[in-house]
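Enquirer: I have a structure here, written as structure tokens, and I will follow up with some questions on it.
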Amino acid sequence: MYDFAYHRPKSVADAVALLKGKEEARPMSGGMTLIPTLKQRLAKPSDVVDLGGVKELAGIKVEGGNVVIGAMTKHGDVATSADVKAHIPALADLAGHIGDPQVRNRGTIGGSVANADPAADYPAAVVALNATVTTNTGKHAADGFFKGLFETALGEGEIITSISFPKPEKAAYMKFPNPASRYAMVGVFVAKTASGVRVAVTGAGPSVFRVKAMEEALSKNFSSDAIKDIKVPATDLNSDIHGSAEYRAHLVGVMARRAVDKANK
Amino acid sequence: MTSATGIGARVVRTEDKRFLTGTGRYVDDLPLARATYAYFLRSPHAHAKIKSIDISAAEKSPGVVNIFTGKDLVDAKVGGLICGWVVKDKNGEPHKSPPHPVMAVDTVRYVGDTVAMVVANSYDEAKDAAEAIRVDYEVLPAIVDLAKAFDKGAPQVHAEAPGNLIYDWEIGVKADVDAAFAKAAHVTKMDIVNNRLIPNAMEPRAAAAEYDKGTGNYTLWSTSQNPHVLRLILSAFVLGIPEHKLRVIAPDVGGGFGSKIFCYADETMVCWAASRVGRPIKWTAERTESFQTDCHGRDHVTHAELALDKDGKFLALKVETIANMGAYLSTFSTAVPTYLYATLLAGQYTTPLIYANVKAAVTHTAPVDAYRGAGRPEATFVIETIVSKAAAELKMDPAELRRKNFIPAEAFPYQTPVALQYDSGNYPPIIDEAMRIADYAGFEARRAEAKSRGKLRGIGFSSYIEACGLAPSQVIGQLGGGVGQWESAQIKFNPTGNVQVITGSHSHGQGHETTFAQLVHDRLGVPMDQIEVVHGDTSTTTFGMGTYGSRSLAVGGSAIMKATDKIIAKGKKIAAHLMEADVADVVFENGTFKVAGTDKAVPLAQAVFAAYVPHNYPLAEIEPGMDENAFYDPANFVYPAGTQICEVEIDPETGIVEVIAHTAVDDFGNIINPMIVEGQVHGGIVQGVGQALFEGAVYDKNTGQLLSGSFMDYTMPRADNFPSFKLGYKVTPCPHNPLGVKGCGEAGAIAAPAAVMNAVHNALAPIGVKHVEMPATPLNVWQSIQGAQRAAAE
């Protein structure tokens, strides 16, 4: 990796101050993407601001109808949290299948959501559960937060502090892992909440997206049968040596049906 | 078995303690004072002319000690890398031999080809400087698609190999085979691809070198499977450093699978540059470099036809193969798709007539050479796939068709029509045992049960034979090999009775330190903890040929047995003297020399002590000391054989293939350590299933970029992809080596691909899928199902 200045602030305010005015400064959460990128010399930040020392950012609480997860909460902690398992078991299940044990004990929910990797799992949960992303400057609704490939609505010097997930009536996540990397090649999160049914797909496109046709059908009849004839167009889906766009489109249907069946169990 | 730690005992591997506690010593662990670090600038293009290389900015980069390019090697008259096996084409002409410069001079020929070497005070500084090197490339069209390598107008890799053809080789008489086909009741035809694989040893390749100005001696530490052979190549062909002035050490090495047999550019450069730099140089490949520059494996395109009579007896086999050599001919590359492939095409069967034509092509891809099994997996895949296809076409049970054509036990030694003479074997009991273990009789019930869950279940056989224990030297010489294939052993006792067992083979995960100690313990009665197995250093070991081709026990172990014979013979003379007996009356039992019918006894340790402190010793008749050397050159290859049965379930919605059960019954002859053998078989099966279901090196057909260039895109088989394997053994001892052993290191990888793919085809046949290529990835299987459904709809 290239040389950079390393900082480990103790508060969000200090972190923001360190990031401000430095164009090439990068915040680091768990470092699960940034560190390999640095090692491969694919990034050359002037400064790395390690959020690991900001204690206020980690932790899980239940606030009314929501489970609020601090940005620096590790995947492993989400997976094993009694609160998450009790209120949104689908989210605990999702977190428990991210990466491998080493990744789950370093990687964080805030880092994953801010990075907006098209193959990350969390974005599907954020969108399907209609979560709210809270930052040091304000709040973002799930819709509109993910703007595209590695692109979010976060502004300069804006750091995610927590994510608030409304408790669903029913929810489930089904992932078809890339055979090599085991990132989601297609991951479908289906949720039935007070505000309706949402179907969010990660891995298949450049960014997480909703399948409105499935949502409408499931709103009327929350069963896998209700969506068995709904085809997702392959246009604009990702294509690589592991999966053509057509195959991914097909898998969206399969994973969505399996997610509905799982949610109904 | 003479004891709990002798031959046949499940002795826990003594070397594992250091491997598992992080106290192994690998090349990268070497503490070398004043070390410099090398970084290699690699070609980003598959094919390009180098118009110029400007190192002026890089030379000023902080920490840089030296920068070398191909021109420096030309100026220093450094030789090119060699291919050590001359294959003669069908007209008797030696294969085309395009030059293989250690570093590219004016042309780069694959992504990863070596362009410059930067030596700096730290690795990061070397890398920084490499980024400042300006190479002006003129990018040229590349050929990476093997099937199109011989096409008219295809980009040419070397002027010395017109049409990209290295050789057009054949074995067998085509006219005889054609005549047999004309009379056949049934002909099964098949087109298959044997997918290209990337070895991915756990430890990447590494090298370190030091030059002693005072003595003029070089020391090269390398992750080599055969340090003496590496030294020989570097000395005699490449660098011209005399053998006695070059010490090559291969310390603990973390896996090789063949990829560490060969002499590579980077280790050559590290050694060469050590004297110029005047400080030690260290280099360890990054994983990306491993993907790009380790020699790859397999990569064949094959058309095969099998002729059968009305009863299902095989009449003749015809095989046409194009084999990819990559951009340059690696050390043993030419032999792999010829003498290690086509000579195996008889398999376990009495097929009387076989013709094979192999054309080797150069392409703008990494060099291809031996990889676990080397030629035999490719041969087994051809035979065992076409036999199962024939059975399906004839609506015969695949086991029955195999049995009908097995070489009968009484026919051994059996001369095949493709040069090899199988020494021993008994195949029918093996398949019977495999079918019993796999509960073949219950398969249809399991298939029906799977169907009720929406899954397609299939079962597949693979009855393999392989030739290993490389090899009788004179045969190797007749076939064009440039080296002998014997092995050496030395048994060197110390005065206090403990012993060093020095072998010319090399352990890089196989467990030789345990297995070889068991041999010596069993034979000489020396306790296991008094035995040290020494290997891997040309200065402390006798010249040896290293480890590959499942040869270490059959050849290296046999050499050890010969050395123990010499120890016992000498010990008898010493003991006879000490016991005042006639040497003819002395026997050696359980580590003690005795005179039959008396209570006179001399333990081996006492004889050893007498040999080193010869105060009461027959000095007029024998020399002092207890230190014996032996060389063993095998009379034939050894021929392990077996049957694997794989059972899979396919999810037709996703295309995922799951291995539900995998059975392997092998005949490895006598077994020294069953636990180590199981480990070898397990690992081999995993690699073979890896080839069948997961692994595939993919180059972009236009740009020649390696698309599967990291673990993010190259699918390694993982523990959770597998059930527990079910193993069984049948034993026909090898008749021509003293241990009666055959090799076990490659068998799993040789047999598994066909077993898996036959199971996949068996599962998909009911829904009309005719053919799936390896690797049967979910995408590939799903697309095959879609294709079959479209065909059915038309």
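Enquirer: Take every residue in peptide A:177-183, count the Cβ atoms of other chains within 10 Å of its Cβ, and give the average of those counts. Walk me through the numbers before you get to the answer.
Expert: Working: counts 1, 4, 14, 12, 6, 4, 1.
For this peptide, the per-residue mean of nearby foreign Cβ atoms is 6.
Enquirer: By its C-alpha gyration tensor, with a ≥ b ≥ c as the square roots of the eigenvalues, how is the protein assembly as shown shaped: rounded for a/c under 1.5, else prolate for a/b larger than b/c, else oblate? Show your work: numbers first, answer last.
Expert: Details: a/c = 1.66, a/b = 1.37, b/c = 1.21.
Taking the square roots of the gyration eigenvalues as a ≥ b ≥ c, the protein assembly as shown is prolate.
Enquirer: Okay, moving on. Work out from phi, with θ = phi - 60° and the Karplus expression 6.51 cos²θ - 1.76 cosθ + 1.60, the ³J(HN,Hα) of each residue of the stretch B:562-574, listed in order in whole Hz, and give x for Gly and Pro.
Expert: Per residue, the Karplus-derived 3J(HN,Hα) values read 5, 5, 5, 4, 5, 4, 5, 4, 5, x, 4, 5, 5 Hz.
Enquirer: Using θ = phi - 60° and the Karplus form 6.51 cos²θ - 1.76 cosθ + 1.60, what ³J(HN,Hα) does each residue of the stretch B:46-59 get, whole Hz, x for Gly and Pro?
Expert: Per-residue couplings from phi come out as 6, 7, 7, 7, 8, 7, 7, 10, 10, 9, 4, 5, 4, 5 Hz.
Enquirer: Based on Cβ point charges of +1 for Lys and Arg and -1 for Asp and Glu, what charge dipole magnitude is obtained for the protein assembly as shown about its Cα centre, in debye rounded to the nearest 20?
Expert: On the way: 102 positive and 114 negative charges, 339 e Å.
Rounded to the nearest 20 debye, it is 1620 debye.
Enquirer: By a straight-distance test (C-alpha under 19 Å), which aspartates and glutamates pair with B:K60 as possible cross-link partners, with residues fewer than eight away in the same chain excluded?
Expert: Partners found: A:D3, B:D72, B:D124, B:E125, B:D128, B:E131.
Enquirer: For B:C646, B:C295, B:C734, what ranking results if the residue with the fewest other Cβ atoms within 10 Å of its Cβ goes first?
Expert: Numbers: B:C646 31, B:C295 24, B:C734 28.
Listed from fewest to most nearby Cβ atoms, that is B:C295, B:C734, B:C646.
Enquirer: Less than 13 Å apart at the alpha-carbon level, and either on another chain or at least 8 residues along: which aspartates and glutamates does that give for B:K90?
Expert: Those aspartates and glutamates meeting the cut-off are B:D168, B:E170.
Enquirer: Determine, for A:V54, B:V760, the number of other Cβ atoms within 10 Å of each Cβ, and report the residues in order from fewest to most.
Expert: Working: A:V54 23, B:V760 27.
Going from least to most buried by this count: A:V54, B:V760.
Enquirer: With θ taken as phi - 60° and the coefficients 6.51, -1.76 and 1.60, list the Karplus ³J(HN,Hα) couplings across the stretch B:507-517 in order, rounded to whole Hz; mark glycine and proline as x.
Expert: Running phi through 6.51 cos²θ - 1.76 cosθ + 1.60 with θ = phi - 60° gives 9, 10, x, 6, x, 4, 4, 8, 4, 5, 5 Hz.
Enquirer: Restrict the search to the stretch B:611-694; then list the GluC sites (Glu not before Pro) that DSSP places in a loop and that have at most 11 other Cβ atoms within 10 Å of their Cβ. Working shown, then result.
Expert: Values: sites: B:E621, B:E628, B:E647, B:E649, B:E653, B:E658, B:E678; in loops: B:E621, B:E653.
Listed in order of number, the matching sites are B:E621.
Enquirer: Taking 19 Å as the cut-off for C-alpha to C-alpha distance, list the pairs among B:K389/B:K770; B:K127/B:K213; B:K189/B:K770; B:K77/B:K282; B:K310/B:K389; B:K189/B:K310 that go past it. The partial results should precede the final answer.
Expert: Numbers: B:K389/B:K770 10 Å; B:K127/B:K213 28 Å; B:K189/B:K770 12 Å; B:K77/B:K282 23 Å; B:K310/B:K389 16 Å; B:K189/B:K310 16 Å.
Where the Cα-Cα span goes over 19 Å, the pairs concerned are B:K127/B:K213; B:K77/B:K282.
Enquirer: Could you list which residues have their amide H under 5 Å from that of A:A171, counting only those 5 or more apart in sequence or on another chain, with H placed in the peptide plane?
Expert: Distant-sequence amide H within range of A:A171: A:K192.
Enquirer: Moving on. Could you work out how far the C-alpha centroid of the stretch B:8-64 sits from that of the stretch B:249-326, in angstrom?
Expert: A separation of 19 Å, based on Cα centres.
Enquirer: Sort B:T777, A:T108, A:T137 so the one with the fewest other Cβ atoms within 10 Å of its own Cβ comes first. If you can, show how the numbers build up before the last one.
Expert: Numbers: B:T777 24, A:T108 27, A:T137 13.
The most exposed by this proxy come first: A:T137, B:T777, A:T108.
Enquirer: So what is the calculated 222 nm ellipticity per residue for the protein assembly as shown, using -39500 (n - 2.57) for each DSSP H run with n of 4 or more, over all residues, to the nearest 500 deg cm²/dmol?
Expert: Values: 29 runs with 286 residues, N = 1059.
Helices in the protein assembly as shown give a 222 nm mean residue ellipticity of -8000 deg cm²/dmol.
Enquirer: If I take the Cα coordinates of the stretch A:170-264 and project them onto the principal axes, what are the three extents in Å, biggest first?
Expert: 38, 23, 21
Enquirer: Right, here's the next one. Rounded, prolate or oblate for chain B? Axes are the square roots of the Cα gyration tensor eigenvalues, ordered a ≥ b ≥ c, and the cut-off for rounded is a/c under 1.5. Mind dumping the intermediate values first?
Expert: Details: a/c = 1.83, a/b = 1.10, b/c = 1.65.
The shape class here is oblate.
Enquirer: I've got another one for you. State the Cα centre-to-centre distance between the stretch A:200-249 and the stretch A:74-140 in whole Å.
Expert: 21 Å
Enquirer: Now a separate question. If the elastic network links every pair of Cα atoms under 10 Å, which of A:G253, A:G53, A:G76 fluctuates the most in the Gaussian network model of chain A?
Expert: Checking each option, the largest mean-square fluctuation is seen for A:G53.
Enquirer: OK, next. Relative to the longest principal axis of chain A, what angle (0 to 90°, nearest 10) does the C-alpha long axis of helix A:245-264 take?
Expert: Helix A:245-264 sits at roughly 80 degrees to that axis.
Enquirer: Could you name the lysines in cross-link range of A:K170, using Cα to Cα under 22 Å and dropping any fewer than eight places away on the same chain?
Expert: A:K61, A:K85, A:K192, A:K212, A:K220, A:K228, A:K262, A:K265
Enquirer: Taking H as built 1.01 Å from N, whose amide H comes closer than 5 Å to the amide H of B:G669, not counting residues under 5 places away?
Expert: B:T732, B:K742
Enquirer: Turning to a different aspect of this structure: Using amide H atoms built 1.01 Å from N in the peptide plane, name the residues 5+ places from B:H100, or on other chains, whose amide H lies under 5 Å from its own.
Expert: Excluding prolines and chain starts, which carry no amide H, the hits are B:L81.
Enquirer: With charges set only on the Cβ (+1 for Lys and Arg, -1 for Asp and Glu), what does the dipole of the stretch A:170-264 come to about its Cα centre, in debye to the nearest 20? List each step's numbers first, then the result.
Expert: Values: 14 positive and 8 negative charges, 69 e Å.
Dipole magnitude for the stretch A:170-264 comes out near 340 debye.
Enquirer: A follow-up question, please. What residue among B:L344, A:Y173, B:Y371 has its Cα farthest toward the positive end of the dipole of the protein assembly as shown, where the charges are +1 on Lys, Arg and -1 on Asp, Glu, each on the Cβ?
Expert: Farthest towards the positive pole: A:Y173.
Coordinate-derived values only; no laboratory data. Being a predicted model, the structure only gives us computed values, none of them experimental. Don't worry about glycine lacking a Cβ; one is built from the backbone with ideal geometry, like all the others, and counts go over all protein chains shown.
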